[in-house]
Amino acid sequence: MKSNTLILHTAALFIMPLQLMFSVFLLFRGHDEPGGGFIGGLVASGAFVLYAFAFGSEATRRILRVAPRDLLAAGLLFAIASTIPAFLAGQPMLTAHWWELPLPGNSYLKLSTPLIFDIGVYAAVLGTIMTFVINLMEADE
Amino acid sequence: MESLMAYVVGILFAAAIYMMLRRSIVKLVIGLMILSNAANLLIFVVSGMTRGAPPLLPAGAEAPASAIADPLPQALILTAIVIAFGVLAFAVVLIRRAYEVVGTDDLDQMKDTDT
Amino acid sequence: MLLAVLSGFLLAIVAPALHRVTGRYIGWTLAILPASLTAYFASLIPEVQTNGSLVLEYAWIPGLGINLNFLVDGLSLVFALMISGIGTFILIYAGAYLAGHKYLARFFVIMLSFMASMLGLVLSDNLISIFVFWELTSITSYMLIGFNHEDMEARKCALQGLFVTAGGGLVLMAGLILLSIMTGSYSLAEILASDSALHEHAFYTAAVLCILAGTFTKSAQVPFHFWLPNAMAAPTPVSAFLHSATMVKAGVYLMARLNPALGEGDLWSQTLMLFGAATMFTGAYLAFSSTGIKKVLAYSTIMALGTLTMLIGVGTELALTAFICFLVAHSLYKGALFMLAGALDHETGTKDITRMGGLRKAMPVTATIACLAALSLAGLPPLFGFVAKELMFESLLDSPLWSAGLTTAAVAASVLIVGVAGLVAIKPFFGQVGNTPKTPHEAPFGMLVGPAVLSLTALVFGLAPFLPEGALLRSAVGSVYGAPVETYLALWHGVNVPLILSIGSLVLGLSLLAGWKRLQPSIYAINTSAARFGPEAGYFRFMEGITIVAAWQTRVLQNGVLGLYLLLLVAVTFGLTGYTLLTHHGINLTLDLSYSHFYEWGIALLLVVAAVFASATHSRLGSVASMGVLGFGVALTFILFSAPDLGITQLLVETLTVILLVLVLFKLPEFVNLSSPFERYRDLAVAAFAGIVMTLLILAALDVQYFESISSYYIENSAPLAYGRNIVNVILVDFRALDTLGEIFVLSLAALGVLSMIKLKAEDQHKP
């Protein structure tokens, strides 16, 4: 399945980077404002699905660089990795840990295991949906 | 509003179950989709519906200034939506596969294919 | 103690490897474990003598209050010693008896597991772990009885044993749970220590009946006795172990164990006396009328089990002393006799006593040991069996209830048992030389050491009954009686009524034996006609009934039509929910519209129209489109009612869903009407009913709050503890992150499932 519409091509090329940036933005602000790993992952997959409709599954695989199922596995690994600090500290699984890194100016970068976990969710959702869509499209070709 | 939504959810459930009882496998999938929407709404309605008070804290505040919507059912529903999508994708591909192998979308015809 | 119980399982794991190393000495090697266990249990005797009982605790499922506690007192030690002691010789014996068998290693694996389960059963303090070990013995014994699994008959018999004992086990579990409800504890030690009057409790009758049903099946009481002789399909070492000291005694153990707690009621003692006496007599009669040497022994085991049950039922100090003595005596002689029977079978090639005779010249050692063991079986001095039998007569004469009847039954049974003892000891070894398939010669050492030691023990105990009495038997009687007791065991009590009864039964028994050949045909005729109405026939009819019901039920319920499954499921679920709602809450049909805006009305209407259109339309595209409308309507609801995260997620998912449906659904055929109008109206009625119940349920749920909401915790702690202001996200990634972790795993599984279904197809196409 591949579209030959010029409008779709152009739109996909312009919108996709914006969508991806927005998805990362949603991911990082998720702890304080509406957003988070699920929503970010869904927005990102929306971007890639749009690209896939415009340029086909082969091109999407190229632009993803990693196989969707590896993305999926990476997501699960991230989520599990977020349990390691608690494990090392001998606390119950998934106890949150926080680190604040000072940034230039008067701000801090909040780093935490929930954030790592959320990144894992993001990658897992993106991986899952891309697995569905790319494989289904390839099955049709 | 909750009582009105109770009737809406009831109708959604009825539609979903009716569709799931049909013999066409595509209708089964559509029933499944209505059902997951109905279930999500059910949780949402039962936990109480609040207008204009999302479960977000104002910047710098430790606690909400006034009563806010219950965040717990929202978290439940959020996962339920995503899971329902996964299940739906799985079901849809399964059906497609079954159709390719069996050559029919009539569930009654499929009962003899397990041998 | 934990190690002592589990060591059997551990050794079972390495047994096959050991077999490869030790070769034909495997029996001797493995016997080291039960031998050292015996020593370990014996080392606990002094402690039990001074302290009464001790409880050793190990946490198992602490959350449910289930501990792997062990209760060590006189009774459990007697059993543990018998299991490990006899187990030692059985393993040695099996090494010789099954030498060269191709599944020898497997045999030892199951045998050791069985022994360990048995030890766990008699030592456990917790009712749940007792039940677990109880079922483990059922399962392992099933594998042991069906060990010759290439033999159809053996498989059938094993299955019968399993059905009866495991079925009984389930009833037992119900009984044990009732017991724990009555006493409020799962711990035997606590149940036995509590002095509440259980027999006045409302559950008493049900609990006693359930527990007795379980123990009766395991201990082969009438009418469940038929599985035991059939279990003789097992190799002889198995029969010797299962039917002397272990499997069948498990039921007896549990009855004895619970006697102090449940024994106060009449129901308990009368049921036990009645069934015990009936079993005792039936067993003795059937033993005397059988010709296969293993069958004879099997039926005499039933007789012994009946006697034991009856003695618990009588329940006086004297009767319980007799119980413990009889228990020990029986284990000793029955273990020995079974092993000897195996030796005879092994050396002569037949199990039929009528074909054996005059073997004492060929097998002098076997003959001597057999005579000793048979003397104990017949209850003759100076063996321990005599001590036990005298005590039994004495206690029956002394019984507070039904003394005359029980004594008569016991005398009749012991007349027959004297005859049985003659059958197994005199018939094969004396008289004219029989015509056996193999030329008999002496059995190997490994097969004789066990019977010899057991018979000699019976002899020593008989000559000096104060030895075991002082060591353990007195405290064992105490734990069955529920209070410390004074016992006095002696070989010679002087000339009294029990002795006269013994002499009388000896004389009668010997005369019966003399006429055995002549009686045989008529007994045989009676038995075959009785078998048609006996409990075993009932068992077969019951099993047939089950298959018929299963076939019928499968035809009706499991007919492969998905729609029907769903219909039943929905109708039953919503029917029951609706019924409960109606009876517990009543119907509430409020429709409060005062606080809703007109656009909210609009959304509600949109949802309804979309759902109805999606299910009514004949066009796939229309259906999918209205699904989209429905999804966006739901998203709108979420956004309007303070759930921005949900709204966004729903919108995004809805978009992806439409893409997915476009990719797949349009490859499928158009909608056609497959159902008849009747089916459609039926389904519509069920669906409408379900919808109404849902509405009523929600309306009811709006009024009640059974538990305080836990949400306030999340709201209060979101910022201070989790440094997040979006509470929904904080719940997802912090407070309840484990749930989310599970969820993304489910998602991944769905993705892998899709992937494999598509890839599988690709591979199919490569095939011609």
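Numbers at a glance
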item: At least 30 Å along the helix axis (C-alpha) and Kyte average at least 1.6, DSSP helices within chain B; result: B:25-46, B:71-102
item: Estimated buried accessible area (total), pair B and A, 1.4 Å, Å² to nearest 100; result: 800 Å²
item: Residues whose placed amide H lies under 5 Å from that of residue C:201, excluding near-sequence neighbours; result: none
item: Sparse-neighbourhood loop sites, trypsin sites (Lys or Arg not before Pro) in segment C:97-202 - DSSP loop, at most 15 other Cβ within 10 angstrom; result: C:102
item: Nonlocal amide H pairs with residue C:124, under 5 Å, H built at 1.01 Å; result: C:71
item: Neighbour count of at most 13 Cβ within 10 Å plus DSSP loop: longest GluC sites (Glu not before Pro)-free window in chain C; result: C:151-485
item: Overall form of segment C:471-578 per C-alpha gyration tensor (a/c, 1.5; a/b vs b/c); result: oblate
item: Relative contact order for chain C, counting Cα pairs under 8 Å that sit 6 or more residues apart, in percent; result: 10 percent
item: Cut-off under 5 Å, modelled amide H: who pairs with residue C:726 long-range; result: A:32, A:33, B:57
item: Helical contribution to [θ] at 222 nm, DSSP H n ≥ 4, -39,500 (n - 2.57), averaged over chain C, rounded to 500; result: -25000 deg cm²/dmol
item: Chains C and B together, accessible area buried on both sides, 1.4 angstrom probe, square angstrom; result: 8300 Å²
item: Of C:492, C:445, C:378, farthest towards positive along the dipole that unit charges on Lys, Arg, Asp, Glu beta carbons give segment C:328-514; result: C:445
item: Solvent-accessible area per residue for segment C:544-638 (1.4 angstrom probe, square angstrom); result: 59 Å²
item: Degrees between helix A:6-29 axis and first principal axis of chain A (Cα, 0 to 90, nearest 10); result: 10 degrees
item: Cβ charges +1 (Lys, Arg) and -1 (Asp, Glu), total dipole of segment C:213-339, debye; result: 440 debye
item: Shape category assigned to the protein assembly as shown from the gyration tensor of Cα positions, a/c cut at 1.5; result: prolate
item: Within the accessible area of segment C:157-290 (1.4 Å probe), percent carbon and sulfur; result: 68 percent
item: Per-residue [θ]222 nm for chain B (sum of -39500 (n - 2.57) over DSSP H runs n ≥ 4, rounded to 500); result: -23000 deg cm²/dmol
item: Simple Cβ-charge dipole of segment C:328-514, Lys/Arg +1 and Asp/Glu -1, about Cα centre, in debye nearest 20; result: 520 debye
item: Distance histogram for segment C:503-547 (every C-alpha pair counted, 5 angstrom bins, percent rounded to whole numbers); result: 5, 18, 14, 13, 12, 13, 10, 7, 5, 3, 0
item: Segment A:6-140 - percent of accessible surface contributed by carbon and sulfur, probe 1.4 Å; result: 71 percent
item: Pairs beyond 32 Å (Cα-Cα), from C:156/C:249; C:294/C:361; C:249/C:438; C:295/C:389; C:389/C:517; C:102/C:517; result: C:249/C:438; C:102/C:517
item: Accessible area of chain B belonging to carbon and sulfur atoms, whole % at 1.4 Å probe; result: 63 percent
item: Probe 1.4 Å - accessible area at residue A:117, Å² to nearest ten; result: 0 Å²
item: Buried on assembly, segment C:566-588 (at least 20 Å² less accessible surface than by itself, 1.4 Å probe); result: C:566, C:570
item: Lys, Arg +1 and Asp, Glu -1 on Cβ, resulting dipole of chain C about Cα centre, debye, nearest 20; result: 3220 debye
item: For chain A: rounded, prolate or oblate by the Cα gyration tensor [a/c cutoff 1.5]; result: oblate
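The values are calculated or read from the model by the stated rules, or taken from the named source; none is laboratory data. Keep in mind that this is a model prediction, so the values were computed, not measured. In this analysis, Cβ positions are derived from the backbone assuming ideal geometry, glycine residues included, and neighbour counts consider all displayed protein chains. Just the protein is used for accessible areas: all its heavy atoms, side chains included, with ligands, DNA and RNA removed. Shrake-Rupley method; radii C 1.70, N 1.55, O 1.52, S 1.80 Å.
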